[in-house]
1. Can you work out which of the residues in region 65-82 that are surrounded by fewer than 16 Cβ atoms within 10 Å (Cβ to Cβ) and in contact (Cβ under 8 Å) with a residue 24 or more places away in the chain is farthest from residue 172 (Cα to Cα)?
2. What is the number of the single condition among (1) buried (at least 17 other Cβ atoms within 10 Å of the Cβ); (2) modelled with pLDDT under 95; (3) farther than 19 Å from residue 38 by Cα that residue 205 does not meet?
3. Any idea which of 109, 61, 22 is more than 13 Å from the chain's Cα centre (by Cα) and at pLDDT 95 or above?
4. Can you pull out every residue in region 186-202 that is out of contact with any strand residue (DSSP E or B) (no Cβ under 6 Å at 6 or more places or on another chain) and modelled with pLDDT of 90 or more?
5. Here is a check on your reading of the model: is residue 139 farther than 22 Å from residue 49 by Cβ, out of contact with any helix residue (DSSP H, G or I) (no Cβ under 6 Å at 6 or more places or on another chain), loosely packed, with under 13 Cβ neighbours inside 10 Å and at pLDDT 95 or above?
6. Looking only at residues that are exposed (fewer than 15 other Cβ atoms within 10 Å of the Cβ) and without any contact (Cβ under 8 Å) to a residue 40 or more places away in the chain in region 152-174, which one is nearest to residue 43 (Cα to Cα)?
7. Which of the residues belonging to region 114-127 are touching a residue at least 60 places away in the same chain (Cβ under 8 Å) and either more than 14 Å from the chain's Cα centre (by Cα) or buried (at least 19 other Cβ atoms within 10 Å of the Cβ) (or both)?
8. Being touching a helix residue (DSSP H, G or I) at 6+ places or on another chain (Cβ under 9 Å) and more than 19 Å from residue 72 (Cβ to Cβ) narrows it down to one residue among 128, 151, 170, 104; which is it?
C-alpha cells in the first residue's frame, strides 16, 4: 500500500515538473461529503492548488492537484456529545475529456485515481458528570483494539473516481464521486472503506 502511495506521489511530482507552457494552474475549493462503511455521512470543505496539463488541443487533458480536506460532525452520544474532526490530503490524478459548446464554454467528464492521506482524526467527547464537565479525546489513528501492536486504522487510501462539469473561460464547476478501494481497518473481522462526494469550483490563473 505504501508503495502505491509513493508511486502516485512521484507521478504527481513528475507532472508538476513538466514544462509549464502546456499547463494551467489554479486554486480549487468546494464541498466534500464523506461516508465510511456502516457510519453516518460527514461533511466539510476542501481547498488547494490544482493544475491541468493539455494533451490534445484542450479536448484531452490531465487534471491533478494537492487538496486539503477538513471534515467535522457533532452528535449526541450515549454519554455526552461527540465531535468528530478529520484532516486529510487528496492527490487526484484525473483524465479529462472535453466537449466544447463554443469558444468560451466546454462540458467535460473526468475519471481516475485519488490518493488519500489521513493527517489526523479525532473524536472529542464532552459529558457532564456530577456537575463537572469531562472532556475525553480519542485519536483514531492511535487505536489498537485487538492489542496486536498494529494501529487499527490506516492513514493511506486509494480511491477511484468519476465526475463531470462545465468550464466557462478560466472557471470550472465540477462534481465527482470517489469510491474507496482499500480496507482501511487492519483487523481481519472488520471491513472499512471510505467514499466521498465533492462539488467544487476551480479558478485557473
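1. If we take residues in region 65-82 being surrounded by fewer than 16 Cβ atoms within 10 Å (Cβ to Cβ) and in contact (Cβ under 8 Å) with a residue 24 or more places away in the chain, then 79 is farthest from residue 172 (Cα to Cα).
2. Against the list (1) buried (at least 17 other Cβ atoms within 10 Å of the Cβ); (2) modelled with pLDDT under 95; (3) farther than 19 Å from residue 38 by Cα, residue 205 comes up short only on (1).
3. Numbers: 61 fails: at pLDDT 95 or above; 22 fails: at pLDDT 95 or above.
The unique qualifying residue is 109.
4. Let us first name the residues in region 186-202 that are out of contact with any strand residue (DSSP E or B) (no Cβ under 6 Å at 6 or more places or on another chain), namely 186-191.
Residue satisfying the conditions is 191 alone.
5. Working: farther than 22 Å from residue 49 by Cβ: yes; out of contact with any helix residue (DSSP H, G or I) (no Cβ under 6 Å at 6 or more places or on another chain): yes; loosely packed, with under 13 Cβ neighbours inside 10 Å: yes; at pLDDT 95 or above: yes.
Taking the combined requirement at face value, the residue satisfies it.
6. Among those that are exposed (fewer than 15 other Cβ atoms within 10 Å of the Cβ) and without any contact (Cβ under 8 Å) to a residue 40 or more places away in the chain, it is 173.
7. First, the residues of region 114-127 that are touching a residue at least 60 places away in the same chain (Cβ under 8 Å): 114-117.
Scanning region 114-127 gives 114, 115, 116.
8. Working: 128 fails: touching a helix residue (DSSP H, G or I) at 6+ places or on another chain (Cβ under 9 Å); 170 fails: touching a helix residue (DSSP H, G or I) at 6+ places or on another chain (Cβ under 9 Å); 104 fails: touching a helix residue (DSSP H, G or I) at 6+ places or on another chain (Cβ under 9 Å).
The conditions single out 151.
The values are calculated or read from the model by the stated rules, or taken from the named source; none is laboratory data. Note that the coordinates shown come from a computational prediction; the quantities given were computed from them, not determined experimentally. Ideal geometry is used to build each Cβ from the backbone, glycine not excepted, and the neighbour counts take in all protein chains shown.
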